Amino acid sequence: MLLRKIFVQSVLASFAAFLLASCGASPEQVAEIKKSQEEILAKLEKEIIPKIDKLAAPAPAPQAPGRPDPAKVYAFEVGESAAKGPADAWVTIIEVSDFQCPFCKRVGPTLKQIEEKYGADVRVVFKHNPLAFHNRAKPAAMAAECAHEQGKFWEMHDLLFENNRELEDTHLEKYAQSAGLDVGKWKSCYAGNKYGARIDADQKQAMTLGARGTPAFFINGRNLSGAQPFASFEALIDEEVKKAKASGIPKKDYYTKVVIEKGAKSM
């Protein structure tokens, strides 16, 4: 609008100056000049000014990053990640998490409630997504993976979340001791960044499937974002258990055939 105003004013000023300079002109000549002025201004309004307005318009705001479609099934691989529950459970919950994230800690009791209610029908698989602004999340993920190597992932997992404001190296070593690990072996694993590639692969797959924040969950491939209440999980799990049992597919094959083979590989 400012450019429009300046432009029109400059045109009018030019004509006014011309009229003043033409004070010796006849009435017919002045009328002709005024008529020309009106025609030029009409053309400006119709053709030129809209182009100026378009150039001056602010750029459109960038679209927010896409999120997974909750009605869609995404093929989140289990791989060698730590899992709680039988491999042939009807429902697999992929948990995408960050040990320094307060919301990830908050959802812990809900996951415990799911375990108690559904038992062998559900397994929970943990995937790492250490967010860049949590500077101790990736070291904590490494601490957990080095515990996983000794079969103590969930013990370390619980200690990390219970103490997720104290995740410096000295604290992590103390948790390794509390978890009953061979601390010398754990320290060698941790110092050598042995499972860095696994953590990075978890994060890459999470990003590919649209899980950029934490916590995020994929329940038989269907996304549920955030630290949701138990009822939100319950509704989706009940639906998936019912669907799986009616499918005629053996339990041990269900996740592979329905989620991995048929699910979307990206957003």
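The values are calculated or read from the model by the stated rules, or taken from the named source; none is laboratory data. Bear in mind the structure is a predicted one, so any value in this text is a computation, not a measurement. Cβ atoms come from the backbone with ideal geometry, glycine included; neighbour counts cover every protein chain shown.
For segment 252-267, which residues satisfy the criterion of being among the hydroxyl-bearing types (S, T, Y) and outside any helix (DSSP H, G or I)?
Scanning segment 252-267 gives a single hit, S266.
Do the conditions hold for Y175, that is, is it in contact with a Leu (Cβ under 9 Å, 6 or more places away or on another chain), in a helix (DSSP H, G or I) and not small (G, A, S)?
So Y175 passes the test.
Of the residues that make up segment 174-188, is at least one within 26 Å of the chain's Cα centre (by Cα) and either crowded, with 21+ Cβ neighbours inside 10 Å or over 30 Å from M267 (Cα atoms) (or both)?
no
Looking at segment 195-234 only, could you name the residues that are over 20 Å from K265 (Cβ atoms), in contact (Cβ under 8 Å) with a residue 60 or more places away in the chain and surrounded by 20 or more Cβ atoms within 10 Å (Cβ to Cβ)?
I199, T214, P215, F233
Quick one: in segment 235-251, which of the residues that are part of a helix (DSSP H, G or I) and in contact with a helix residue (DSSP H, G or I) (Cβ under 7 Å, 6 or more places away or on another chain) is surrounded by the most Cβ atoms within 10 Å (Cβ to Cβ)?
Of segment 235-251, the ones part of a helix (DSSP H, G or I) are 235-245, 251.
Then drop every residue that is not in contact with a helix residue (DSSP H, G or I) (Cβ under 7 Å, 6 or more places away or on another chain), which leaves 237, 241, 244.
On the way: I237: 22, V241: 17, A244: 19.
Selected residue: I237.
Yes or no: segment 200-221 includes at least one residue that is of a type in the set (A, V, I, L, M) and in a strand (DSSP E or B).
yes
Looking at segment 158-173, is at least one residue modelled with pLDDT of 95 or more, in contact with an Asp or Glu (Cβ under 6 Å, 6 or more places away or on another chain) and crowded, with 21+ Cβ neighbours inside 10 Å?
Checked segment 158-173: no residue is modelled with pLDDT of 95 or more, in contact with an Asp or Glu (Cβ under 6 Å, 6 or more places away or on another chain) and crowded, with 21+ Cβ neighbours inside 10 Å.
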